[in-house]
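Reading through the structure tokens given below for one structure.
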Amino acid sequence: MNRVVEQVRALHRLEPADNDSAAAVRVAVSVALPSLLLLAAGRTDLIIYAVFGGLTAMYGRSAPHLLRLRHQGRAAGMLLGGVAVGVVLSANHLQSWWLVGVEATLAGAGSVYADRMRLKPAGPFFGILALGACASVPAAVPWFVALLIASGSAALSLAVGQAGRLAPAGRRRTSPEPAAAGRTGRRELLIHAARYVLAVGAAGSVGVISGSGHPHWAMAAAAVPLAGADLPSSVRRGIHRIVGTFVGLAVTAAMILPGPWSVAALVPGNEAVLLALLVIVFQFATELFMNRHYGLAMVWFTPVILLMTQLAAPADPTVLIAERAVETLVGALVGIAVVVAVRRPGTRSPAALLGLARRARH
């Protein structure tokens with residue numbers, strides 16, 4: 001019973017800070033500069049590509065500079081690959097089942113890649129999120145232009161991540177990459193990849209069958225629990241995803257639904273400008289809490305995704321919010337079900353769901 005209480009408490013526990021402000025500033029700068037350039041050029045519809053390139057800055061947040069550069073370079077490849085595939089799907093009008101098949105396949109491949117490269121944040125989540133988001137909006141520019149924008153943001157992220165070297169303390173902070181002895185075994189790696197294919201494919205299929213206009217949201221949500229280090233943390237991530245998203249939708253609704261606090265009411269005629277600025281602010285807040293409490297991070301990341309979507313392809317905000325809620329709920333539940341049903345080696349006991357197996361070994 002005590003173990004159950006401990007897991008419940010862990011749902012709302014705020015982890016200790018770990019230089020979160022510095023990491024959040026790096027992400028905000030990497031997203032803000034290219035976004036502001038596009039804003040000045042009057043192309044707020046292209047900010048979605050800049051943001052996904054800028055998310056490169058989320059990786060290697062606590063690593064020494066050289067190791068951070070390596071991790072961010074590897075992560076940039078995954079993010080830019082997601083953008084490129086998504087834009088090609090959009091340009092060729094390959095939606096629905098095409099999107100499900102491609103994204104599920106690349107989720108498995110991305111899982112292998114992320115595990116091999118030991119990326120942090122773990123898993124292929126941001127790569128498949130970029131794929132689905134870019135595939136779901138009209139390709140307003142040729143694919144290579146979209147990729148160039150994302151690549152520019154990624155390159156800026158690499159530069160910002162190394163800016164600390166200019167300070168004396170930053171130049172002294174060096175250490176080699178950890179030894180590869182702890183790499184995941186091939187069998188476990190393949191099982192983990194298969195879980196991504198199963199979860200992402202199943203969630204996307206439910207989204208398509210239900211007639212949702214955004215099945216990629218269900219696929220992204222299904223990938224979230226699979227990044228947990230063990231069963232308890234995986235289930236917590238799924239719950240955080242649902243609760244954080246729903247709170248974030250309330251924040252988004254206040255901004256884009258008609259009302260006294262809506263963006264349209266506050267800055268009539270300049271909605272796109274304020275929405276673009278809010279994307280930058282909310283991305284900073286997301287990174288500020290990403291390592292401390294995933295649910296709180298989702299409160300701010302949810303408006304980022306919806307506001308980017310509105311800038312790229314304006315739609316009925318009521319439908320947009322409703323679909324985000326339903327797809328997130330479905331996807332997270334599918335992801336949790338796959339985590340429980342398809343266990344990693346060594347976690348097949350039902351007691352492992354509450355962490356009891358670990359306790360018994362001590």
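The values are calculated or read from the model by the stated rules, or taken from the named source; none is laboratory data. For clarity, every value in this text was computed on a predicted model and none was experimentally measured. Positions of Cβ are backbone-derived with ideal geometry, glycine not excepted, and every protein chain shown enters the neighbour counts.
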Checked against (1) of a type in the set (S, T, Y); (2) within 22 Å of the chain's Cα centre (by Cα); (3) more than 30 Å from A104 (Cβ to Cβ), S233 satisfies every condition except (3)
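In the range 12-50, what residues are in a helix (DSSP H, G or I) and within 12 Å of L288 (Cβ to Cβ)?
The initial filter retains those residues of the range 12-50 that are in a helix (DSSP H, G or I), namely 20-40, 44-50.
Within the range 12-50, D20, S21, A22, A23, A24, V25, R26, V27, A28 qualify.
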Going through (1) free of Cβ contacts under 8 Å to residues at least 12 places away in the same chain; (2) under 19 Å from A202 (Cβ atoms); (3) among the aliphatic types (A, V, I, L, M) one by one, L148 fails only at (2)
Subset of the range 8-48, residues at pLDDT below 90 and touching a Pro at 6+ places or on another chain (Cβ under 9 Å), comes to A10
Sole miss for A199 among (1) closer than 22 Å to P314 by Cα; (2) modelled with pLDDT of 90 or more is condition (1)
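Return the total of residues in the range 256-276 being in contact (Cβ under 8 Å) with a residue 12 or more places away in the chain and part of a helix (DSSP H, G or I). Even if it seems obvious, please write down each step before you answer.
Going through the range 256-276, the residues in contact (Cβ under 8 Å) with a residue 12 or more places away in the chain turn out to be 256-257, 263, 272-273, 275-276.
Subset that is part of a helix (DSSP H, G or I): 256, 263, 272-273, 275-276.
Adding up the residues that qualify gives 6.
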If you go through S30, S96, S90, S111, the only one that is touching a residue at least 24 places away in the same chain (Cβ under 8 Å) and closer than 30 Å to G185 by Cβ is S111
Among residues of the range 287-317 being of a type in the set (S, T, N, Q) and modelled with pLDDT under 95, the residue farthest from V27 (Cα to Cα) is Q310
Here the residues within the range 198-230 that are surrounded by 24 or more Cβ atoms within 10 Å (Cβ to Cβ) and not small (G, A, S) are V200, P215, H216, W217, M219, V224, P225, L226
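For T309, state whether it is part of a helix (DSSP H, G or I), within 18 Å of H214 (Cβ to Cβ) and over 14 Å from the mean Cα position of the chain (by Cα). Full working, then the answer.
Details: part of a helix (DSSP H, G or I): yes; within 18 Å of H214 (Cβ to Cβ): yes; over 14 Å from the mean Cα position of the chain (by Cα): yes.
Considered against the rule, which asks whether it is part of a helix (DSSP H, G or I), within 18 Å of H214 (Cβ to Cβ) and over 14 Å from the mean Cα position of the chain (by Cα), T309 comes out as yes.
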Looking across the range 202-217 at residues that are under 18 Å from A313 (Cβ atoms) and in a helix (DSSP H, G or I), the single one that is farthest from the chain's Cα centre (by Cα) is G207
